[in-house]
1. Run the quick spin-label model on residue 529 and residue 579: label points 7 Å from Cα toward the beta carbon, then report their separation in nm to one decimal.
2. Evaluate the stretch 211-290: find the radius of gyration of its Cα atoms, find its Kirkwood radius, and give the ratio Rg to Rh.
3. Taking a temperature of 4 °C and a viscosity of 1.567 mPa s, what whole-number D in µm²/s does Stokes-Einstein yield for the stretch 140-264 with Rh from Kirkwood over alpha carbon pairs?
4. Normalising by the residue count of the stretch 488-549, find the relative contact order in percent from Cα pairs under 8 Å and 6+ residues apart.
5. If I stretch the segment between residue 701 and residue 717 completely, what's the gain in nm (0.36 nm per residue apart, minus their alpha carbon distance), one decimal?
6. By average Cβ neighbour count within 10 Å, what is the ranking of 409-415, 494-500 from highest down?
7. Which percent of Cα pairs goes in each bin when the distances of the stretch 449-530 are cut into 5 angstrom slices starting at zero?
8. Could you please tell me the mean projected area of the C-alpha convex hull for the stretch 488-549, averaged over all directions and given in square nanometres to one decimal?
């Protein structure tokens with residue numbers, strides 16, 4: 001593609017947008033907004049599904065832009081500015097979902113129900129905050145820093161929109177990926193024709209396990225993030241599952257009794273037991289340390305961005321009242337009044353419809369609302385700046401949420417607010433700030449795209465507000481659907497006195513019915529007697545009878561960042577953290593940093609199950625193979641090259657058909673209130689294939705064939 005003055009690499013003084021400021025092309029049209037709303041709902045749900053399973057999210061702007069170009073073309077010629085409004089509106093779904101899944105599911109780990117409307121309003125407040133605070137920062141970070149802050153996803157999306165406007169076919173690759181990925185997910189997960197997680201446990205290395213969750217979305221995520229990040233993620237998994245766990249098994253087997261925090265002797269522990277009891281706390285310490293280090297590195301960026309933003313805010317009062325179309329932002333009155341409205345909304349939510357278990361005083365609620373705005377502005381600035389340097393996918397928003405939680409919990413601890421209600425209050429503050437930071441990163445990329453192609457900033461900002469409002473409907477619903485649809489009830493015999501519960505165990509609900517029997521619902525977090533989780537206590541037998549494994553937090557939806565948030569809150573306020581194991585993870589990150597390796601992906605890889613990181617690595621390896629020997633790098637590299645487009649389709653297809661599989665399973669579950677389908681009526685693979693459906697070889701073969709399609713479409717040039 002020829003590089004004109006509109007190009008993203010043009011020097012700041014020579015830059016001209018693709019659409020001149022004087023051109024009056026259609027932009028904020030009803031069809032663009034409606035299509036953007038549907039895209040936000042669609043990709044918001046997919047991001048929740050993939051993010052809870054993989055602990056990672058990928059940008060949705062480019063696949064939305066590609067689909068918009070194709071769909072709007074069917075209804076007549078669409079302008080590039082209309083397609084930009086579609087991707088701007090729709091990308092809010094991915095940004096909001098990313099912030100929500102990293103924090104709010106921690107309510108489950110704190111022993112509280114996950115309510116739809118609580119998630120809805122907290123996500124809405126955080127999403128709007130992320131857009132509002134980017135309005136005064138746009139001129140400083142997007143315009144004045146044009147040559148310094150590249151915003152890679154936003155720049156790539158602009159290239160896609162320009163290429164689509166000039167002609168060419170991109171949507172075909174996305175649709176191929178969507179179709180094949182969806183078919184693969186349907187046959188594997190819903191119909192059971194082959195295993196979704198083939199596993200090998202070497203007898204010559206007790207405690208180790210090699211497994212891969214061979215989903216199309218993991219393959220797509222791995223291809224998009226590339227071989228280096230995927231390799232670092234797998235390195236963390238290899239350390240945990242093939243080094244640390246066998247070492248624990250070897251040395252721990254010499255001890256006859258259990259070692260804290262496990263209640264099972266190490267000699268009798270499976271690989272999953274070792275992971276839950278020892279690796280996960282270590283991984284939590286590693287992720288917290290890596291997030292803190294990443295955040296500490298941005299302190300100069302924080303100071304510079306805040307200083308520049310304040311100067312630009314003051315200078316805006318002296319600027320001319322009338323600006324050209326491409327320089328027109330929403331009024332500062334919108335920012336000020338919107339911020340005040342956020343404080344009022346947050347206070348009213350906490351006072352009149354609080355998150356379950358978060359009933360505190362009026363003063364604490366007001367303080368929480370003010371904290372949300374103060375921390376929100378701080379980390380919105382940080383998030384935007386970081387995204388400009390390293391991209392949205394590498395934005396450490398979980399580290400920002402941890403910093404918010406730690407600061408809030410420290411203040412609560414000083415004033416003596418250590419009750420469980422204040423733990424939930426701290427989480428709501430961190431959740432809103434995390435959503436705001438996440439959406440600020442996505443908003444920055446969208447505004448960069450608009451700046452490059454010549455969009456109207458005020459129209460984009462309004463579209464983002466609409467996109468936030470629409471996408472929160474899908475995000476909360478998908479979160480709860482996965483929590484219910486993936487839940488399990490397993491036998492667990494633990495003798496305990498419900499009237500004298502040990503530290504870390506609390507009664508969550510006095511009465512809970514399950515299979516016609518009444519139980520007491522208990523929650524354990526940080527206990528030395530009962531492993532973390534929810535349990536059904538049988539009053540007649542005076543013992544825990546069943547463990548209730550929620551869908552979120554299970555192997556199918558690990559939600560590593562959210563569990564970390566709960567661990568941090570509980571550890572600070574209740575002093576119930578297994579600190580020695582956590583510190584092992586902290587110093588592991590120190591070693592990795594001294595080796596010159598990016599510690600955050602390594603820490604996430606050490607925390608996640610290896611079945612996730614190994615499948616993601618397969619996608620990264622295919623990208624490495626596809627790009628070997630390619631002289632024309634435009635055919636194998638870049639965000640809008642054929643490989644990432646097909647990978648985006650795999651993620652979308654695998655995600656949406658995975659969600660459909662959960663819905664079908666839920667409506668066939670006899671324990672579900674609204675079930676009306678025969679149980680497992682589509683699960684026909686084992687009946688048709690017999691033992692072959694449980695074969696590791698068949699599962700690996702099918703995943704290899706899916707990887708071959710990724711390789712094929714990555715090497716095949718776009719038309």
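1. According to this spin-label approximation, the distance is 2.3 nm.
2. Numbers: Rg = 15.2 Å, Rh = 14.2 Å.
A ratio of 1.07.
3. Details: Rh = 19.5 Å.
Diffusion coefficient, whole number: 66 µm²/s.
4. Values: 129 pairs, mean separation 23.9, N = 62.
Once divided by the residue count of the stretch 488-549, the mean separation gives 38 percent.
5. Numbers: separation 16, 0.36 × 16 = 5.76 nm, distance 2.61 nm.
Gain in length upon complete extension: 3.1 nm.
6. Values: 409-415: 15.0, 494-500: 11.7.
Packing proxy ranking, top to bottom: 409-415, 494-500.
7. Each 5 Å bin holds this share of Cα pairs: 3, 10, 12, 13, 12, 9, 8, 6, 6, 6, 7, 6, 3, 0.
8. Details: hull surface 14.9 nm².
Quarter of the Cα hull surface area: 3.7 nm².
No lab work stands behind these numbers, since they all come straight from the coordinates. Everything numeric in this text was worked out from a predicted model, so none of it was measured. Because the Cβ atoms are built from the backbone with ideal geometry, glycine has one as well, and the counts that use them run over all protein chains shown.
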